[in-house]
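Notes follow the structure.
A short reminder: the numbers here are calculations on the coordinates, not readings from a lab. Note that the coordinates shown come from a computational prediction; the quantities given were computed from them, not determined experimentally. Please note: Cβ atoms are built from the backbone with ideal geometry, for glycine as well, and neighbour counts cover all protein chains shown.
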């Protein structure tokens, strides 16, 4: 009820302000840079991440008939996207609305090379095949997520919702020099909208099938010439769509509540301070673990009373652990951004604190059987993270520019995998592991411009990570890792074309594998990335295209092998090597003033090297050669592709917009996405090869119409219009067989927005 009450309050407050407003601006989300295109390099409303706008590269005068400039902060200063020698996908607030993007998981439909699963209670994020199959304290994901310049240590509670943003940027390839911690494969920068000195607001409501409900909005109020506030909130409900056969319970439901407040203090043009406070609450049903192997491979399936696999993928038969509530997550974050411009030198600071509590309940024997052999997991975890960043950047305008900074992180986390046989608590005390991490990393970079159009960049980051780990009642273990992440780039800009070649090194610290008993120490992973690319904008600014080719040498990959049947040593970390080669492309074409096309794609070849004794799940056969179950074992996976690394992905879409009738304007956007087949886990789980997603196509459609004064907007959306059967996760888990969690079928609904 708290979520509903807060949402109603937000709606009432926004509606009352809308009624009192005397002037009505156009019905568009608030951007710092006006954007019109939803391409992979989609126009973005990109607010700096604690960096000053005066350092932005000079922008050419915009022709309203052409594509808008895109401003990004990938190099910790505001710059035109086409001049930044990094492969970047940007997603503006307008594009988020058109494609109904409400969380980080949905970003993958418009970001070639990005793959996200959330079927185990946290985000499993991959970029260009680099990611982590399990992520917990001590084994973080190598894709760094930053919200308002502050690193998010763990993406617990599944996918992170994005609300009232000014920009979202997906940086591909190692970002260790500039963005530091755990960005071996890339970084995702989410910048939420800061307060401005203009009174405005927006309220949006959605209603759709499968019990979809959403209400969100923001209000921006200037309190004086120097102080402004902004409040944003969202309540999102998704109904269940997978039927549990024993009791008819609909699994897959979700309730998310987010409230954020920001206050801006800007006494003059040189100094600004923004304080933000956000609370997130997330509750979802238990995972719909639907058995996908025949009964002979599953320990308890023959006792369940059902035949496996199920004829209908939208059904399952499991126990309702914790009365059907599978994940409860609460998150509180505090963020203070300071920015001071000393004419030629700018100093920025980000101070942040994040507290997260999360509990996952799941039936891991994959059946409705409840006896001494059945197995349920209760997984509690917490983390408290303090972060401090200070960065100084120059804007001399001469041959040399520079940047120096330092990052500090202190994190206290706890984690447990508690195995119980009871369906509904009370549950016995968890065998908790405690992991403490302290990280310090100074970094710097110099840009040298010896010739007109030529820029040579050199930089690096030195990182010191100290970890302490222990189990309840055990003494602390202490380990320390140090690393250096260099970056070298040569870029040449000539007219409409910018070409570049770069070398980047990514490092992710080693640590303790907290599911293991005793705590297991594992090695750091490293990635050497070589990339060449070109960015092009036509003279009439109606066409923009980007291409990047890369080669990765990936070593000591932190790969978790699961042994669910052990009861103690559930997760151990292995360290294979791999190599990856790929090409990314994206393009926008504004064919006419009313029609725009956007497209992108990626080709990726990945393979393990020296992964001889990989931990997998293997079938067990009786004397007559018939299967009698599954067990853990090993397999040589050398030459196999990495998880979440489809060979080919692509998307294409278009937007038609313009006047409909007597000043009424409208737009309609169509979108088609293709993904090649990929494995969810190494070797698709083992010799049975069921941890795999086959190739698929999905489509989205949306449209809207608004009156001449732009006071309101009426729209619709259709997601997964092809009704493709895709999976959030497929996972073999001996001795209980293998399960799948299917994604939502076709969903559709109506959207109404009010602006003031």
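Stretching the chain fully between residue 353 and residue 497 yields a gain of 47.7 nm (0.36 nm per residue, less the alpha carbon separation).
Spin-label pair residue 613-residue 315: with each label point 7 Å from Cα along the Cα-Cβ axis, the two points sit 4.5 nm from one another. Stretched out straight at 0.36 nm per residue, the stretch from residue 440 to residue 623 would grow longer than its current Cα-Cα span by 60.1 nm.
When both bridge partners sit in the chain, DSSP labels roughly 95% of those beta bridges antiparallel. Each peptide in 66-72, 719-725, 683-689 was scored by the mean count of other Cβ atoms within 10 Å over its residues; highest first, the order is 66-72, 683-689, 719-725.
Using the alpha-carbon positions of the range 336-445, Rg (one decimal) and Dmax (whole number) come out as 23.4, 74 Å.
With a 10 Å radius around each residue's Cβ, average the other Cβ atoms per peptide and rank 401-407, 703-709, highest first.
The peptides rank, most packed first, as 401-407, 703-709.
Between the Cα long axis of helix 2-20 and the first principal axis of the chain there is an angle of about 20°, rounded to the nearest 10. For residue 431 and residue 268, a Förster radius of 51 Å and the Cβ-Cβ distance give a FRET efficiency of 0.35, rounded to the nearest 0.05.
Sorted by mean Cβ packing within 10 Å, highest first, what order do the peptides 449-458, 500-509 take?
500-509, 449-458
Computing FRET efficiency as 1/(1 + (r/R0)^6) for residue 668 and residue 277, where r is the C-beta to C-beta distance and R0 is 51 Å, gives about 0.85. Taking label positions 7 Å along the Cα-Cβ direction at both residue 549 and residue 634, the computed distance is 3.9 nm, reported to one decimal.
In the chain, helical runs assigned H by DSSP with n ≥ 4 each contribute -39500 (n - 2.57); averaged across all residues and rounded to the nearest 500, the mean residue ellipticity at 222 nm is -1000 deg cm²/dmol. Relative to the current alpha-carbon distance between residue 659 and residue 399, full extension at 0.36 nm per residue lengthens the span by 88.8 nm. With each label modelled as a point 7 angstrom along the Cα→C-beta vector, the residue 647-residue 418 pair spans 4.7 nm. A Förster distance of 22 Å, applied to the separation of the beta-carbon atoms of residue 532 and residue 575, puts the FRET efficiency at 0.15.
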